[in-house]
1. Is there a residue being within 20 Å of residue 34 (Cβ to Cβ) and in contact with a Ser or Thr (Cβ under 6 Å, 6 or more places away or on another chain) anywhere in the range 115-125?
2. Taking the stated definitions as given, is residue 103 over 22 Å from residue 53 (Cα atoms) and in contact with an Asp or Glu (Cβ under 8 Å, 6 or more places away or on another chain)?
3. Can you tell me which residues in the range 106-125 are closer than 19 Å to residue 96 by Cα, not in a loop (DSSP other than H, G, I, E, B) and not charged (D, E, K, R)?
4. Identify, from the list 117, 68, the residue that is over 27 Å from residue 40 (Cβ atoms) and touching a strand residue (DSSP E or B) at 6+ places or on another chain (Cβ under 8 Å).
5. Is one or more of the residues making up the range 132-142 surrounded by 14 or more Cβ atoms within 10 Å (Cβ to Cβ), under 30 Å from residue 24 (Cβ atoms) and at pLDDT 95 or above?
6. What's the number of the only condition in (1) surrounded by 18 or more Cβ atoms within 10 Å (Cβ to Cβ); (2) closer than 25 Å to residue 32 by Cβ; (3) in contact with a Leu (Cβ under 6 Å, 6 or more places away or on another chain) that residue 60 fails to meet?
7. Looking at residue 5, is it in a helix (DSSP H, G or I) and more than 21 Å from residue 123 (Cα to Cα)?
Amino acid sequence: MEERLTLEEQGEAARVFVAGLLEQFGVAADVGTRTLDEETVEVTATGSDLGLLVGPRGATLAAVQDLARTVVQRQSVSRTDRILVDIGGYREKRSAALRRFTQGVADEVLASGTERALEPMSAADRKVVHDTANEIDGVQTRSEGEEPRRYIVIELAD
């Protein structure tokens, strides 16, 4: 019986898939892996002209990540760890922009006393907003709606 893939083996399988995909698109990029924690590996692709693989609001990147996870899951007999894909540093840029946006909305809510509903966003983006708002005194968040139209409301803390 095949053993469970190690986190490093999962990362390498995802890296090989992403590198092959980029090659098929005719895009030159450096593709590597890094371990984020004991259950998470990130595949990173750096280079120029990678916007096509990020897509609008990271939609294509999310699809590439899902495909990479599926490839790894097919190679493993048991549950796989968390596999993230970042192309062109998009995830960190998006996270930083969301943190700034959340701080601005929280400031507005604190000044006006009126809650504010945000536009629907992905689960990953919602996590950044929740985590950021949880660090701001005086506000709290809640999620409403159903996927794919799930959104966050920032309100005064109880």
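The values are calculated or read from the model by the stated rules, or taken from the named source; none is laboratory data. Computed from a prediction, not measured in an experiment: that's the story for all the values here. Here the Cβ positions follow ideal geometry from the backbone for every residue, glycine too, while neighbour counts run over all protein chains shown.
1. Checking the range 115-125: not a single residue is within 20 Å of residue 34 (Cβ to Cβ) and in contact with a Ser or Thr (Cβ under 6 Å, 6 or more places away or on another chain).
2. Taking the combined requirement at face value, the residue does not satisfy it.
3. The answer is 106, 123, 124.
4. Exactly one of 117, 68 is over 27 Å from residue 40 (Cβ atoms) and touching a strand residue (DSSP E or B) at 6+ places or on another chain (Cβ under 8 Å), namely 117.
5. Among the residues of the range 132-142, not one is surrounded by 14 or more Cβ atoms within 10 Å (Cβ to Cβ), under 30 Å from residue 24 (Cβ atoms) and at pLDDT 95 or above, which makes the answer no.
6. Residue 60 satisfies every listed condition except (1).
7. Here the answer is no, as residue 5 does not meet what is asked.
Condition check ((1) of a type in the set (D, E, K, R); (2) in a loop (DSSP other than H, G, I, E, B); (3) within 22 Å of the chain's Cα centre (by Cα)) across all residues:
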position	(1), (2), (3)
127	yes, no, yes
133	no, no, yes
154	no, no, yes
158	yes, yes, no
